[in-house]
1. Cβ-Cβ under 7 Å, sequence separation 6+ or interchain: first residue in segment 86-104 and closer than 17 Å to residue 289 by Cβ and in a strand (DSSP E or B), partner at pLDDT 95 or above and near the ligand (Cβ under 8 Å from one of its atoms). Which pairs?
2. Which residues, taken from segment 205-232, are farther than 12 Å from residue 181 by Cα and among the charged types (D, E, K, R)?
3. Only one residue in 161, 132 is under 22 Å from residue 306 (Cα atoms) and assigned by TED's automatic domain parsing to the domain that holds residue 191, so which one is that?
4. Taking helices (runs of 4 or more DSSP H) that do not extend beyond segment 244-344, which have at least 3 residues that are among the aliphatic types (A, V, I, L, M), modelled with pLDDT of 95 or more and over 30 Å from residue 16 (Cα atoms)?
5. Within segment 273-281, does at least one residue satisfy the condition of being touching a residue at least 24 places away in the same chain (Cβ under 8 Å), out of contact with any strand residue (DSSP E or B) (no Cβ under 9 Å at 6 or more places or on another chain) and closer than 30 Å to residue 44 by Cβ?
6. Mind listing whichever residues of segment 64-101 are within 16 Å of the ligand (Cβ to nearest atom) and touching a strand residue (DSSP E or B) at 6+ places or on another chain (Cβ under 9 Å)?
7. What's the number of the condition residue 105 fails, among (1) more than 16 Å from the ligand (Cβ to nearest atom); (2) surrounded by fewer than 24 Cβ atoms within 10 Å (Cβ to Cβ)?
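The values are calculated or read from the model by the stated rules, or taken from the named source; none is laboratory data. From a predicted model like this one, the values you see are computed outputs, not experimental measurements. Cβ: placed from backbone, ideal geometry, glycine included. Neighbour counts: every protein chain shown.
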Amino acid sequence: MRATVMYGAGDVRVENVPDPKIQNSTDAVVRVVRSCVCGSDLWPYGSMPASEEGRRMGHEFLGVVEDVGSDVHGLTSGDLVVAPFVWADNTCDFCREGLQTSCRHGGQWGPNGVDGGQGEAVRVPQAQGTLVKLPVAEDSALLPSLLTLSDVYCTGHHGVVTSRVAPGKSVTVIGDGAVGLCAVLAAKRLGAERIILMGRHTDRTDLGRDFGATDIVPERGEEGVERVRELTGGDGTHAVIEAVGATEAMDTALSIVRHGGVISRLGVAQYTEIPLGFESMMGNITVTGGAAPARAYIEELLPDILDGTVDPGRVFDHTVGFDGVPDGYRAMADRTALKVLIQP
Ligand SMILES: [Zn+2]
């Protein structure tokens with residue numbers, strides 16, 4: 001089968017790799033129907049050292065079950081399923097606490113002989129715990145939105161949950177990438193009264209308005225901080241969702257969070273230190289967030305997608321086949337595409 005392999009910065013290839021087969025009784029094999037490129041794939045795309053063996057890519061996919069191991073119950077060939085961006089047994093103590101990203105028997109897509117999602121098929125370890133059945137047909141128009149349950153919509157929702165967004169609260173989302181936009185949508189869904197979106201790409205912030213943003217702040221750094229403070233009577237917002245991962249975004253978050261407020265980190269952190277000194281202590285600021293346990297949220301978020309209440313799939317603005325995957329990476333890196341859908 002064909003799959004996406006990254007060999008170094010800027011070097012993404014689609015190659016023939018061995019077809020996946022059941023190796024353990026808890027595995028399933030899924031034929032991929034939709035996959036996509038993640039904003040987090042752009043970090044290695046920008047900086048990965050050259051590698052001989054390469055790295056299998058992709059952690060967001062939905063597809064059709066083709067085969068299941070003898071210990072996989074509740075799934076059969078022909079089921080349409082979505083996979084969260086890590087696999088997990090969904091039964092260990094961490095999973096029962098809703099933290100499938102820390103599953104004792106789980107892992108990531110790509111390394112250690114596990115397939116990536118940007119390929120024609122995937123061997124899914126811990127299939128019964130990992131996969132969630134989707135009650136639609138393979139040609140449903142809802143597939144792009146359902147695919148966001150793998151990662152971006154659940155990740156945005158995680159930012160909203162961890163930053164304690166609730167009816168009447170105010171929130172600032174820093175970053176107009178797919179995760180930031182999904183955080184706007186999730187904040188609106190949970191009743192946030194004021195949603196400030198910080199981003200400077202007009203086509204993206206326009207979608208942010210459709211998703212529920214009440215104010216757009218295109219300025220960055222000190223100017224951006226001033227603007228949010230003006231909008232909030234000098235206080236900042238109850239919640240701040242940092243959906244970039246850069247030092248500047250975190251500095252902005254600390255400057256615009258209201259006293260008693262919460263900063264949730266969703267962007268893949270490219271920094272190792274956060275200046276949490278006396279000021280943030282006096283302000284009773286909480287810093288939280290992290291990798292979203294998407295598996296914990298899928299059942300909750302699924303109904304609103306099925307009935308059309310939300311349409312997070314609008315973050316996909318570019319579709320490629322497998323031959324177009326390298327171009328898709330380039331388009332996202334150049335910011336000419338917001339998020340690239342892969343349709344085999
Ligand atoms: Zn587990």
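1. As it stands, the answer is 86/100; 86/106, since those pairs meet every condition given.
2. Within segment 205-232, 215, 219, 220, 222, 223, 226, 227, 229, 230 qualify.
3. Unique residue meeting the criteria: 161.
4. Output list reads 247-256, 294-306.
5. Yes: segment 273-281 contains one or more residues that are touching a residue at least 24 places away in the same chain (Cβ under 8 Å), out of contact with any strand residue (DSSP E or B) (no Cβ under 9 Å at 6 or more places or on another chain) and closer than 30 Å to residue 44 by Cβ.
6. Just the residues of segment 64-101 that are within 16 Å of the ligand (Cβ to nearest atom), to begin with: 71-72, 83-101.
Once the filter is applied, which keeps residues that are within 16 Å of the ligand (Cβ to nearest atom) and touching a strand residue (DSSP E or B) at 6+ places or on another chain (Cβ under 9 Å), segment 64-101 yields 72, 83, 84, 85, 86, 87, 88, 100, 101.
7. (1)
Listed here are the residues, each with its yes/no results for (1) assigned to a strand (DSSP E or B); (2) of a type in the set (A, V, I, L, M, F, W, C).
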position: 7; (1), (2): yes, no
position: 22; (1), (2): no, yes
position: 25; (1), (2): no, no
position: 33; (1), (2): yes, yes
position: 43; (1), (2): no, yes
position: 46; (1), (2): no, no
